[in-house]
1. Considering only the stretch 16-60, how many residues are of a type in the set (D, E, K, R), more than 18 Å from MET101 (Cβ to Cβ) and touching a residue at least 12 places away in the same chain (Cβ under 8 Å)?
2. When residues of the stretch 1-29 are filtered for being of a type in the set (S, T, N, Q) and surrounded by 15 or more Cβ atoms within 10 Å (Cβ to Cβ), how many remain?
3. Restricting to the stretch 64-101, give me the number of residues that are under 23 Å from TRP124 (Cβ atoms), small (Gly, Ala, Ser) and not in a helix (DSSP H, G or I).
4. If a residue has to be part of a helix (DSSP H, G or I) and more than 15 Å from ALA111 (Cβ to Cβ) to count, how many in the stretch 1-29 make the cut?
5. Is it the case that ALA94 is more than 14 Å from the chain's Cα centre (by Cα), crowded, with 18+ Cβ neighbours inside 10 Å and small (Gly, Ala, Ser)?
6. Here are some conditions: (1) surrounded by fewer than 19 Cβ atoms within 10 Å (Cβ to Cβ); (2) out of contact with any Leu (no Cβ under 8 Å at 6 or more places or on another chain); (3) in a helix (DSSP H, G or I). GLY32 meets all but one. Which one does it not meet?
7. Starting from the stretch 1-15, keep only residues that are free of Cβ contacts under 8 Å to residues at least 40 places away in the same chain and more than 17 Å from PRO62 (Cβ to Cβ), then list their pairs with residues that are of a type in the set (Val, Ile, Thr) and part of a helix (DSSP H, G or I) whose Cβ atoms are within a distance under 9 Å, requiring at least 6 positions of separation or different chains.
8. Run down LEU73, LEU85, LEU15, LEU108 and say which single residue is of a type in the set (A, V, I, L, M), under 11 Å from the mean Cα position of the chain (by Cα) and under 30 Å from ASN2 (Cβ atoms).
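Just so it is clear, none of the values below were taken in a lab; they were calculated from the coordinates. Predicted, not measured: the structure shown is a model, and the values here were computed from it. Ideal geometry is used to build each Cβ from the backbone, glycine not excepted, and the neighbour counts take in all protein chains shown.
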Amino acid sequence: MNLARQGVSFLLVGLGLVTADWAVFVVLTAIGTPAAMANVLGRVTGALLGFWANGRYTFGAPGAARLGPHRFLRFLVVWLPLTLLSTVLVTVVAARLGMQMAWLAKPLVEAGLAVVSFLVSRHWVYR
């Protein structure tokens with residue numbers, strides 16, 4: 001598969017996922033949900049969309065999606081520690097700098113984790 005095509009597709013899908021994740025996080029924290037819970041729920045939203053979109057378009061072969069329970073299990077093995085790290089980082093920012101700073105920091109945290117996610121997804125999750 002073409003690395004440049006996959007990179008661009010992952011970026012485009014990722015922008016949509018980060019937007020959905022961030023929006024859920026902001027809305028939930030704005031109504032009083034603790035930052036950690038809101039972050040996990042936002043990431044679940046992004047994960048459900050991301051597994052399908054990346055398996056179908058980013059890493060899928062023409063006419064054949066790369067989905068299924070085996071790949072979903074691999075996806076979860078990657079997603080869980082990244083979610084834990086994201087939650088710790090966003091929660092620390094919220095506790096030390098306030099929720100509005102956490103709202104601003106979340107997309108940056110997710111962008112950094114996306115680099116790791118792309119590499120692992122390309123070489124292990126969707127191979």
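1. 1
2. Here is the first cut: in the stretch 1-29, the ones of a type in the set (S, T, N, Q) are 2, 6, 9, 19, 29.
Those left that are additionally surrounded by 15 or more Cβ atoms within 10 Å (Cβ to Cβ): 6, 9, 29.
Going through the stretch 1-29 one residue at a time, the tally reaches 3.
3. Number of matching residues: 3.
4. Looking only at that region, the number is 12.
5. It is true that ALA94 is more than 14 Å from the chain's Cα centre (by Cα), crowded, with 18+ Cβ neighbours inside 10 Å and small (Gly, Ala, Ser).
6. (3) is the only condition that GLY32 fails.
7. Listed by first residue and then by second, the contacts come to LEU12/THR58.
8. Checking each option against the conditions leaves just LEU15.
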